Amino acid sequence: FRQAGDHRNSVAALVIAALAQAELGERAGAETTLRECCRITEQVGQLFPMAFAKVHLIHVLADSACASHRQEARALALAWVTSANPNQLHLGVAHNVIARVEARDDDLEQAEAHAQKACELLAVFRPYRLFALTTLSAVLLARGRAADAQRAAALGVQILEEIGGACEVELRLLLAESCYASGEGARGDEELGKCVSRLRACASEILEDGARERYLREVPANRRAIALARSRLGDEGDLHEPPWMRSARDRDRGAG
């Protein structure tokens, strides 16, 4: 795309690459890539790719450990939350970003209000609604409303099973955690087992050892899932083993 001078499509590819970086725990790299996307689109004056890049930049910034980055995300999101903005997708994303920032700052009441609004606005944008349902479930669980958190997470899992998408490990983890908080230990163990199974499947596709470790240790939801599985299920399984090692071990077992 770059060689052909196609900035619009080159930015789309870079945004996808940045999302992959974030999913692998490389949040600083994802931020750098997305800022570069914004710079390119602003330079050439392409409004749609610019908005596409900013939608995902504020998502990454909202989950940053750096307070100034979270406040930057909040400021960018607030600029979209106006009555004059007709774009329902941008409005929904903006409310979700504000909700995540408010949650990190322990204003759970405001976080819930924004997360609920995001879920409403993104009802017809189901891939993006997954992010909002993840936020809403986490906020409701933090507020001690386990049954409501469970319903939000269960809806997210239902959407995942229908169309696939992002946030799978975190949504399945939230479903398990909300089951435990509701006193449904057996169902919680079942859902946690599904969560760890999906995490194991994803980890098994990462062939480079360092990248796999970063994915399992640097992504907060993955780290939480591993710790909870160790506590509840008593077995972390083979999450940290590369596929070739598991295959060799399984062959040895079969030969024995």
Normalising by the residue count of the range 101-227, find the relative contact order in percent from Cα pairs under 8 Å and 6+ residues apart. 17 percent
Stretch gain in nm, segment Ser197-Arg39, where the contour uses 0.36 nm per residue and the Cα spacing is subtracted: 53.0 nm
Taking Cα pairs closer than 8 Å and at least 6 residues apart, the relative contact order of the chain in percent is 11 percent
In nm, the gap between the two label points placed 7 Å beyond Cα toward Cβ at Ala67 and Glu109 is 2.2 nm
Counting only protein heavy atoms and a 1.4 Å probe, tell me what percentage of the range 1-152's accessible area is made up of carbon and sulfur. 55 percent
For Arg217 and Leu47 in one chain, what is 0.36 nm times their gap in residues minus the Cα-Cα distance, to one decimal in nm? 57.5 nm
Which helices, taking whole DSSP H runs in the chain, have alpha carbons extending 15 angstrom or more along the helix axis plus mean Kyte-Doolittle at least -1.0? 7-23, 27-44, 47-62, 67-80, 88-104, 108-121, 126-142, 146-163, 168-181, 185-204, 220-232
Dipole magnitude of the chain, debye to nearest 20 (Cβ charges: Lys/Arg +1, Asp/Glu -1, about Cα centre): 220 debye
Sorted peptide list for 108-120, 42-54, 167-179, criterion being average Cβ within 10 angstrom, highest first: 167-179, 108-120, 42-54
Over the range 1-97, one equal point on each Cα, no solvent: what is log10 I(q)/I(0) by the Debye formula at q = 0.14, 0.16, 0.18, 0.22 Å⁻¹? -0.50, -0.65, -0.82, -1.13
Counting C-alpha atoms alone, how compact is the chain: give Rg to one decimal and Dmax as a whole number, in angstrom. 19.4, 70
Relative to 2.2 N^0.38 Å, what does the C-alpha radius of gyration of the range 101-243 come to as a ratio? Two decimals please. 1.05
For the range 138-196, what value does the Rg/Rh ratio take when both radii are computed over Cα atoms and Rh is the Kirkwood radius, given to two decimals? 0.95
For the chain, with every protein chain kept in place, what is the accessible area per residue (1.4 Å probe, Å²)? 49 Å²
Helix-only CD estimate at 222 nm, as mean residue ellipticity for the chain, using -39500 (n - 2.57) per DSSP H run (n ≥ 4): -26000 deg cm²/dmol
Rounded to whole Å, give me the distance from the Cα center of the range 55-115 to that of the range 21-38. 18 Å
Per the charge dipole of the chain (beta-carbon charges, Lys/Arg positive, Asp/Glu negative, Cα centre), the residue among Phe131, Ala153, Ala103 reaching farthest to the positive end is Phe131
Send over the semi-axes of the range 73-124's equivalent ellipsoid, whole angstrom and largest first, taken as the square roots of 5 times the C-alpha gyration tensor eigenvalues. 18, 12, 7
Distance between Cα centroids, the range 192-236 to the range 158-172: provide it in whole Å. 16 Å
Cα centre as origin, Lys/Arg/Asp/Glu Cβ charges: the range 113-166 dipole, Debye: 180 debye
Sites Glu184 and Arg126 - FRET efficiency at Förster radius 22 Å, r taken between beta-carbons, to 0.05: 0.25
Please state the relative contact order of the range 24-117 as a whole percent: Cα pairs under 8 Å, 6+ residues apart? 20 percent
Largest-first principal axis extents, alpha carbons of the range 101-179, Å: 32, 27, 17
Signed unit charges on C-beta, dipole axis of the chain, positive-most listed residue Val44, Ala22, Cys195: Val44
State, to one decimal in nm², a quarter of the convex hull surface area for the C-alpha atoms of the range 31-175, i.e. the direction-averaged projected area. 8.6 nm²
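The values are calculated or read from the model by the stated rules, or taken from the named source; none is laboratory data. Given the structure is predicted, the values throughout are model-derived calculations rather than measurements. Positions of Cβ are backbone-derived with ideal geometry, glycine not excepted, and every protein chain shown enters the neighbour counts. Areas reflect the complete protein model, heavy atoms only, side chains present, ligands, DNA and RNA absent. Shrake-Rupley method; radii C 1.70, N 1.55, O 1.52, S 1.80 Å.
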